Amino acid sequence: MRFGLMRAQDGSCTQQVRQCGKFESAESALNTARSEAIREWQEACKTQDKIVPKVRKIEIKDTEWGYDLKHDHLVVTRFWVHDGQPAEIPGLPTN
């Protein structure tokens, strides 16, 4: 899943969520999340000088769920891996 901040015309920010696909394994999902975070990081570095006020630091943070792209202290994009299937616990009734 990609969580991203979008700036509205009035200057306020809102979160936009997008499914990025279904994967056969957690490893392939995390590899894709990492590749997308790097791609967005590279794009942000190219346009960094055009942002006002200036962003001093753009970084990718590795998290237990995936990857966060930060501009200074603000998380602007998250690429998180989420298992869409609920866990089945033996002995508990299913609905």
Inset, instruction - List every residue whose amide H lies under 5 Å from the amide H of I58, counting only residues 5 or more places away in sequence or on a different chain, with H placed 1.01 Å from N in the peptide plane. - result: D72
Inset, instruction - Working from the alpha-carbon coordinates of the chain, get Rg over Rh, Rh being the Kirkwood radius. - result: 1.09
Legend entry - Fraction of accessible area attributable to carbon and sulfur, the chain (%, probe 1.4 Å): 51
Legend entry - Placed amide H near T63: partners under 5 Å, 5+ positions off or other chain: D68
Inset, instruction - Give me the accessible area of T47, 1.4 Å probe, in Å² rounded to the nearest 10. - result: 50
Legend entry - Among K22, K61, K46: highest mean-square fluctuation, GNM of the chain, C-alpha pairs under 10 Å: K46
Inset, instruction - Multiply the residue separation of R39 and E64 by 0.36 nm, subtract the distance between their alpha-carbon atoms, and state the gained length in nm to one decimal. - result: 7.0 nm
Legend entry - In degrees, nearest ten, helix 26-47 long axis to first principal axis of the chain (Cα): 10
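The values are calculated or read from the model by the stated rules, or taken from the named source; none is laboratory data. Bear in mind the structure is a predicted one, so any value in this text is a computation, not a measurement. Surface accessibility is based on the protein's heavy atoms, side chains included, excluding ligands, DNA and RNA. Shrake-Rupley method; radii C 1.70, N 1.55, O 1.52, S 1.80 Å.
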